[in-house]
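K.L.:
Here it is, the structure in full.
The values are calculated or read from the model by the stated rules, or taken from the named source; none is laboratory data. The model shown is predicted, which means the values in this text are computed figures rather than measured ones. Heads up, the Cβs are rebuilt from the backbone with ideal geometry, glycines too, and the neighbour counts pull from every protein chain shown. Accessible surface areas use protein heavy atoms only, side chains included; no ligands, DNA or RNA. Shrake-Rupley method; radii C 1.70, N 1.55, O 1.52, S 1.80 Å.
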Amino acid sequence: MSIWVLATAADQLSPLLAAAREATEPTGQAVEAVVVGTAELATAASGMGVGRVHWIETAPDIPAEAYVGAVADLARRAGADVWLSGAAPAPRALLGAAAAACGAGLVGGGVALRLDGPTVTVERNALDGAVVETLTGPAPLAVVWDLTEAQPVDAAATAPVETVAAEPSKSGLRRDSVEPAATAAGLLTAERVIGIGRGVKARADLALIEDLAADLGAEMACSMPVADDLHWLGPERYIGRSGQRIAPGLYLALGISGEPQHMEGVRGAKVVVAVNKDPAAVIFRSATYGIVGDLYEFVPALREALRQD
Ligand SMILES: Cc1cc2nc3c(=O)[nH]c(=O)nc-3n(C[C@H](O)[C@H](O)[C@H](O)COP(=O)(O)OP(=O)(O)OC[C@H]3O[C@@H](n4cnc5c(N)ncnc54)[C@H](O)[C@@H]3O)c2cc1C
């Protein structure tokens, strides 16, 4: 079976190719790459051990999604059995179009892939990571992959790059500006960060923690559900695998369980202090200092201690 990976940025390539290579290892089938982006991206892909690179060149002010027609045409002609992309907005949208164009099934959250004769088996995270679902289906199948970190690339040769004739769609979609999110800029360079999780019971309680942040000169951050589900802080403030990665001197985690997806974002922190009322919370396995206790007692006590200093 043939696997084609679709990428719009360099950091998507090596994890996708590692997944594709693992799945094709038993048969040694070549993996091909479709890159929608710059010449540098196409060159990077060609040096990563793929059989061929199909390059859809993007203009500087046009987002990758504007090339949806070219991707769909390619998918129709390609006859690939499995398509893989990362979960970032652009590749995810393009993969959906590719799947629709070639009549492929579409699955999100893939973490493992197996090719069993004509059957494709995909494992994917579900229920917020609480369970792993195993799905099977016939080829062609498109899988949005839950990207991990960069993987080592061991490429002996450079693959040919085929330019795919492509015009942006007539949608008129263009990129007017790219600015760092103003509120996240301070977070990324902060020396002290307070992260809050679902252990904080009410939005009104944020004021208490913001006061502590002001006392400490710290930036506020949070776990993914606090931003995505509760909307108490903006999405640019959640930490983790799919959020921001920070490297402060101090990360004070209040009411955060410490699931690996969250802790991946604070690997660079020098000191992690975790406050959690559950002594079995997983965050205590990786925190530098763990405080088993109620954050509603801890925060006022720390503020009081800082005042007396
Ligand atoms: C593919 C995927 C990607 C993900 N990416 C991310 C990511 O990038 N970032 C991220 O954060 N999550 C991510 N998640 C979600 C992650 O798995 C966890 O579900 C999430 O981090 C949990 O958030 P939480 O710790 O705030 O909530 P919970 O898991 O509900 O934990 C709340 C904690 O607060 C404690 N607590 C409760 N009351 C108090 C109190 N009064 N005082 C002290 N402690 C208290 C509890 O003991 C508990 O440990 C991802 C999940 C998946 C499947």
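K.L.:
From Thr163, Thr121, grab the single residue that is among the polar types (S, T, N, Q) and surrounded by 15 or more Cβ atoms within 10 Å (Cβ to Cβ).
P.N.:
Residue meeting the stated conditions: Thr121.
K.L.:
Another question, if that's okay. What is the number of the single condition among (1) in contact with a strand residue (DSSP E or B) (Cβ under 6 Å, 6 or more places away or on another chain); (2) part of a loop (DSSP other than H, G, I, E, B) that Met48 does not meet?
P.N.:
Looking at each condition in turn, Met48 falls short on (1).
K.L.:
How about the range 93-109: which of its residues are surrounded by fewer than 23 Cβ atoms within 10 Å (Cβ to Cβ) and under 18 Å from the mean Cα position of the chain (by Cα)?
P.N.:
Result: Ala93, Gly96, Val107, Gly108, Gly109.
K.L.:
Could you tell me whether Ala90 is in contact (Cβ under 8 Å) with a residue 40 or more places away in the chain, open to solvent by less than 30 Å² (accessible area, probe 1.4 Å) and part of a loop (DSSP other than H, G, I, E, B)?
P.N.:
no
K.L.:
Could I ask something else about it? So Glu40 passes all but one of these: (1) more than 28 Å from Asp154 (Cα to Cα); (2) surrounded by fewer than 21 Cβ atoms within 10 Å (Cβ to Cβ). Which condition number does it fail?
P.N.:
The single condition Glu40 does not satisfy is (1).
K.L.:
Now a separate question. Restricting attention to the range 280-292, and to residues there that are over 17 Å from Val200 (Cα atoms) and not in a helix (DSSP H, G or I), which single residue is most open to solvent (accessible area, probe 1.4 Å)?
P.N.:
Filtering first and then ranking leaves Tyr289.
K.L.:
Sticking with this one: May I ask you to verify whether Val68 is open to solvent by 40 Å² or more (accessible area, probe 1.4 Å) and within 16 Å of the ligand (Cβ to nearest atom)?
P.N.:
Considered against the rule, which asks whether it is open to solvent by 40 Å² or more (accessible area, probe 1.4 Å) and within 16 Å of the ligand (Cβ to nearest atom), Val68 comes out as no.
So that you can scan it fast, the table gives a plain yes or no per residue for (1) at pLDDT 95 or above; (2) assigned by TED's automatic domain parsing to the domain that holds Leu302; (3) open to solvent by less than 70 Å² (accessible area, probe 1.4 Å):
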position: Ala156; (1), (2), (3): no, no, no
position: Arg175; (1), (2), (3): no, no, no
position: Leu188; (1), (2), (3): no, yes, no
position: Ile196; (1), (2), (3): yes, yes, yes
position: Val200; (1), (2), (3): yes, yes, yes
position: Leu230; (1), (2), (3): yes, yes, yes
position: Pro235; (1), (2), (3): no, yes, no
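K.L.:
Same structure again: Taking the criterion of being of a type in the set (S, T, N, Q), open to solvent by 60 Å² or more (accessible area, probe 1.4 Å) and more than 9 Å from the ligand (Cβ to nearest atom), would at least one residue in the range 250-268 satisfy it?
P.N.:
no
K.L.:
Look through the range 124-143, keep the residues that are part of a strand (DSSP E or B) and under 20 Å from Ala80 (Cα atoms), and return whichever of them is farthest from the ligand (Cβ to nearest atom).
P.N.:
Checked the range 124-143; the qualifying residue farthest from the ligand (Cβ to nearest atom) is Pro138.
K.L.:
For the range 74-87, what are the residues that are surrounded by fewer than 18 Cβ atoms within 10 Å (Cβ to Cβ) and more than 24 Å from the chain's Cα centre (by Cα)?
P.N.:
Those that are surrounded by fewer than 18 Cβ atoms within 10 Å (Cβ to Cβ) and more than 24 Å from the chain's Cα centre (by Cα): Arg76, Arg77, Gly79.
K.L.:
Only one of these conditions is not met by Arg285: (1) touching a residue at least 24 places away in the same chain (Cβ under 8 Å); (2) near the ligand (Cβ under 9 Å from one of its atoms). Which number is it?
P.N.:
Answer for Arg285: the failing condition is (2).
K.L.:
Within the range 196-235, which residues are of a type in the set (D, E, K, R), within 14 Å of the ligand (Cβ to nearest atom) and in contact with a Gly (Cβ under 8 Å, 6 or more places away or on another chain)?
P.N.:
Result: Arg198, single match.
K.L.:
Is it the case that Leu208 is among the hydrophobic types (A, V, I, L, M, F, W, C) and open to solvent by less than 40 Å² (accessible area, probe 1.4 Å)?
P.N.:
no
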